[in-house]
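Could you have a look at this structure, given as structure tokens, before my questions?
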Amino acid sequence: MFASKRLAKELQKLHDKLPPGITLVKADDLQEWIMDIRVVDNNPIYVGEVYRLKFTFSQSYPIEAPEVVFVRDETHPIPWHPHIYSNGIICLDLLDRQGWSPVHNVESVCVSLQSMLTSNTKKERPEGDDNFVRNNRLRPRDINFIFHDNQV
Amino acid sequence: MDSDDDFNSSPVSDEDFMGDQDSDVGLEDDSDFDMDQDDVGFETHDKDIFPTKQHYEVDFKVYDPRQIQASQDNQIAEVSQILGQPPEATAILLRHYRWNKERLIDQYMDKREEILESAGLGETAASNPPKVVKVKGFVCDICCEDGPNLDTFAMKCGHRFCVDCYRQYLYTKIKDEGEAAQIRCPGDGCNRIVDSKSLDLLVADDLRERYHVLLTRTYVDDKENLRWCPAPNCVYAVECGVKDKELMRVVPTVHCECSHFFCFGCSLNDHQPAPCALVKKWLKKCADDSETANWISANTKECPKCYSTIEKNGGCNHMTCRKCRHEFCWMCMGVWSEHGTSWYNCNRFEEKSGYDARDAQAKSRQSLERYLHYYNRYANHEQSAKLDKDIYLKTEKKMQQLQNTTGMSWIEVQYLDTASQALQHCRQTLKWTYAFAYYLARNNLTEIFEDNQKDLEMAVENLSEMFEKPIDQLQGLKVDMMDKTAYCNKRRIILLNDTADNLKQGNWEFNVSFP
Ligand SMILES: [Zn+2]
Ligand SMILES: [Zn+2]
Ligand SMILES: [Zn+2]
Ligand SMILES: [Zn+2]
Ligand SMILES: [Zn+2]
Ligand SMILES: [Zn+2]
């Protein structure tokens, strides 16, 4: 598999040392990893909550972006954000074909998502969330998101 | 450029295509492409005289892949000389400017460095050719491999990766994502575009071929006056001068070499006489109302006299109940014999006036009924076109068997094919006249339109009916069938010319507004 050496290296580094607010939960194989993130400042929208991320790697990771979604369970809600749908699908150019660079990795994606939350001030869902959540059957990588603003 | 003999069989000569790309070819009067003889079937011309263009027809040209490639290469060579940049860099610049060479040349003269930078060509592009090297102490950021024997590659931007990763990256972009003109360096946030020289160095032959096919595709995609034929597996492109902003005044149906008729404005199947915006609206409405629509377009109905179930098995609207021999019209369920004179009832929705209009519920019911009236007829022609085709194919097969047993020559059944094609064309037009009529607000022109629609409808049903005749009778009906075919084509031309003329002059009023 193309990605094995790279993922093994990443995993080693994740076990070694991680930025504050980011923890490795599960990485039993080279297909699917679970990470937890929380914001480290006092943003009232997210204070006291921990969010769970699921990374899925294809055969051609890191040439291809991993699929990254927030997952919900009893202790992990889906964070409020104008670019995060209530089913956990994330609209972020970094995870899109156009925005992804193979130089990115699991840690840098977590850091990007963390800062995306930190800087957010709107307790909102994306426009058309209801409709999207009800009707979307596509995998995140096949959705054509339009990135309205890259500031958020 | 190749100059094979078979090249002459393509629709236009190279020289035509090499001419000034920016001229409004759509407005040329001396177009020399062959007009479909079927469409002018009721007029005969001397061989030397080109058929005159109908009012509803637009000028266009069809190009094969070689002509497209040649035209692209020509423009690259021309601009390359003006800018003093090598062809590879020029190609990137032209693609960056969506093949608007005037704008590129203008801006290049003003702010050369800035433009090179924005196209991912920073510094001078005319420099050392790209090469693969081994670098001491190198670790690839993509695969984490290292070692002194690792082949590596970087473009001018200096983002260096191992050759395997670079190759894999390009492979994914080209093969899986269909990208070509805008593949960026794999480095994070780097906007440098992978030029074709670097690409040729890194990828294998099969992928290189795919890359150039994709590059050619972007050439056509970027040019406002070029469009791919949307037929599956078709490799031709069509050039037409009709601009997007003209689409409320003209419906630019073009005819590809592969025989597909499509709209240059929106790439859908030919939808004359309805303008693109109206077609879009109609299709959306039909999709939204699909449940009602499905219910109403069901393929079975009850005989209005004896109530036994009747299935429509041919394209013709003239139904005869097997059980009670009652003859009626599939569309309106009215007695068929009355249709000889009053086809009117069958194509125009009678707007009910008066007392129940005040009631909101009745109003919404009436608006549904009105929609269903038009939808029903629209769907009927769509369905009938399929049935016509089926019955033609069956007939053709039977005729072939007949030929084998009686020794009738092949040419003698050509008229069946001609008739079948006319039916397909006319039904396609009729279908869209109903969507058109749905949005049409009544004025002094709608009556003429409805008359034309009615006449075409009648001509089509008369011809369609002939296919249901027993095979042994068909031979004797050849002349009659050819007459009816010519008449259908003639009615279609009359209808389309009338609608096109009025559209051009803005005479139609619609009951909805179009953006
Ligand atoms: Zn590598
Ligand atoms: Zn770069
Ligand atoms: Zn075609
Ligand atoms: Zn159109
Ligand atoms: Zn009956
Ligand atoms: Zn009728």
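The values are calculated or read from the model by the stated rules, or taken from the named source; none is laboratory data. What you see is a predicted model; the values in this text were computed from it and never measured. Every residue, glycine as well, gets a Cβ built from its backbone with ideal geometry; the counts of neighbours run over all protein chains shown.
So, in segment B:487-515, exactly how many residues are farther than 21 Å from B:Ile448 by Cα and in contact with a Gly (Cβ under 8 Å, 6 or more places away or on another chain)?
Final tally of qualifying residues: 0.
Moving on. Quick test for you: out of A:His104, A:His81, pick the one residue that is surrounded by 15 or more Cβ atoms within 10 Å (Cβ to Cβ), in contact (Cβ under 8 Å) with a residue 60 or more places away in the chain and either under 30 Å from B:Ala180 (Cβ atoms) or in contact with a Leu (Cβ under 9 Å, 6 or more places away or on another chain) (or both).
A:His81
All but one of (1) within 14 Å of chain A (Cβ to nearest Cβ); (2) buried (at least 16 other Cβ atoms within 10 Å of the Cβ); (3) farther than 18 Å from A:Ser60 by Cα hold for B:Leu215, so report the exception by its number.
Checking B:Leu215 against (1) within 14 Å of chain A (Cβ to nearest Cβ); (2) buried (at least 16 other Cβ atoms within 10 Å of the Cβ); (3) farther than 18 Å from A:Ser60 by Cα, the one that fails is (1).
Determine if segment B:117-129 includes at least one residue that is closer than 24 Å to B:Gln72 by Cβ, within 34 Å of the chain's Cα centre (by Cα) and more than 16 Å from ligand 2 (Cβ to nearest atom).
Checked segment B:117-129: no residue is closer than 24 Å to B:Gln72 by Cβ, within 34 Å of the chain's Cα centre (by Cα) and more than 16 Å from ligand 2 (Cβ to nearest atom).
What's the total number of residues in segment A:107-119 that are crowded, with 20+ Cβ neighbours inside 10 Å and either part of a loop (DSSP other than H, G, I, E, B) or within 13 Å of chain B (Cβ to nearest Cβ) (or both)?
Total satisfying the criteria: 1.
Then there is this: Can you find, within segment B:162-172, the residue that is farthest from ligand 4 (Cβ to nearest atom) among those that are buried (at least 21 other Cβ atoms within 10 Å of the Cβ) and more than 13 Å from B:Ser198 (Cβ to Cβ)?
Of everything passing the filter in segment B:162-172, B:Cys162 is farthest from ligand 4 (Cβ to nearest atom).
With (1) crowded, with 16+ Cβ neighbours inside 10 Å; (2) at pLDDT 90 or above; (3) within 14 Å of chain B (Cβ to nearest Cβ) as the list, and A:Tyr51 as the residue in question, which single condition is left unmet?
Checking A:Tyr51 against (1) crowded, with 16+ Cβ neighbours inside 10 Å; (2) at pLDDT 90 or above; (3) within 14 Å of chain B (Cβ to nearest Cβ), the one that fails is (3).
I'd like the full set of residues that are of a type outside the set (Ser, Thr, Tyr) and closer than 21 Å to B:Glu117 by Cα, limited to segment B:190-214.
Those that are of a type outside the set (Ser, Thr, Tyr) and closer than 21 Å to B:Glu117 by Cα: B:Cys190, B:Asn191, B:Arg192, B:Ile193, B:Val194, B:Asp195, B:Lys197, B:Leu199.
B:Pro232 versus (1) surrounded by fewer than 20 Cβ atoms within 10 Å (Cβ to Cβ); (2) within 16 Å of ligand 1 (Cβ to nearest atom); (3) part of a loop (DSSP other than H, G, I, E, B): which is the lone unmet condition?
Only one criterion is unmet by B:Pro232, namely (2).
Could you grab me the full set of residues in segment A:72-92 that are farther than 18 Å from A:Asp129 by Cα and not in a loop (DSSP other than H, G, I, E, B)?
A:Asp73, A:His76
Out of (1) touching a helix residue (DSSP H, G or I) at 6+ places or on another chain (Cβ under 7 Å); (2) at pLDDT 90 or above, what's the single condition that is false for A:Gly99?
(2)
In this structure, does B:Gly189 turn out to be within 10 Å of another protein chain (Cβ to nearest Cβ) and free of Cβ contacts under 8 Å to residues at least 12 places away in the same chain?
Answer is yes for this residue.
Can you tell me which residue is farthest from the other protein chains (Cβ to nearest Cβ) among those in segment B:139-157 that are in contact (Cβ under 8 Å) with a residue 24 or more places away in the chain and closer than 28 Å to A:Leu11 by Cα?
B:Phe153
What single numbered condition from (1) surrounded by fewer than 16 Cβ atoms within 10 Å (Cβ to Cβ); (2) within 14 Å of B:Leu121 (Cβ to Cβ); (3) more than 10 Å from chain A (Cβ to nearest Cβ) fails to hold for B:Gln182?
(3)
Okay, next question. Return yes when B:Lys245 is within 11 Å of ligand 4 (Cβ to nearest atom), in a helix (DSSP H, G or I) and over 18 Å from B:Leu496 (Cβ atoms) and no when it is not.
Answer is no for this residue.
Only helices (runs of 4 or more DSSP H) wholly contained in segment B:98-199 count here; list those with 2 or more residues that are more than 16 Å from ligand 1 (Cβ to nearest atom) and among the charged types (D, E, K, R).
B:101-110, B:112-118
Output yes when any residue across segment A:61-70 is within 29 Å of B:Tyr166 (Cα to Cα), touching a Gly at 6+ places or on another chain (Cβ under 7 Å) and surrounded by 15 or more Cβ atoms within 10 Å (Cβ to Cβ), and no when none is.
yes
Here's the yes/no breakdown for (1) within 16 Å of ligand 5 (Cβ to nearest atom); (2) of a type in the set (Lys, Arg); (3) surrounded by 13 or more Cβ atoms within 10 Å (Cβ to Cβ):
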{"site": "B:Leu94", "(1), (2), (3)": "no, no, yes"}
{"site": "B:Lys101", "(1), (2), (3)": "no, yes, yes"}
{"site": "B:Leu104", "(1), (2), (3)": "no, no, yes"}
{"site": "B:Asp110", "(1), (2), (3)": "no, no, no"}
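Check off (1) crowded, with 16+ Cβ neighbours inside 10 Å; (2) more than 27 Å from the chain's Cα centre (by Cα); (3) touching a residue at least 24 places away in the same chain (Cβ under 8 Å) for B:Asp451 and give me the number that stays unchecked.
(3) is the only condition that B:Asp451 fails.
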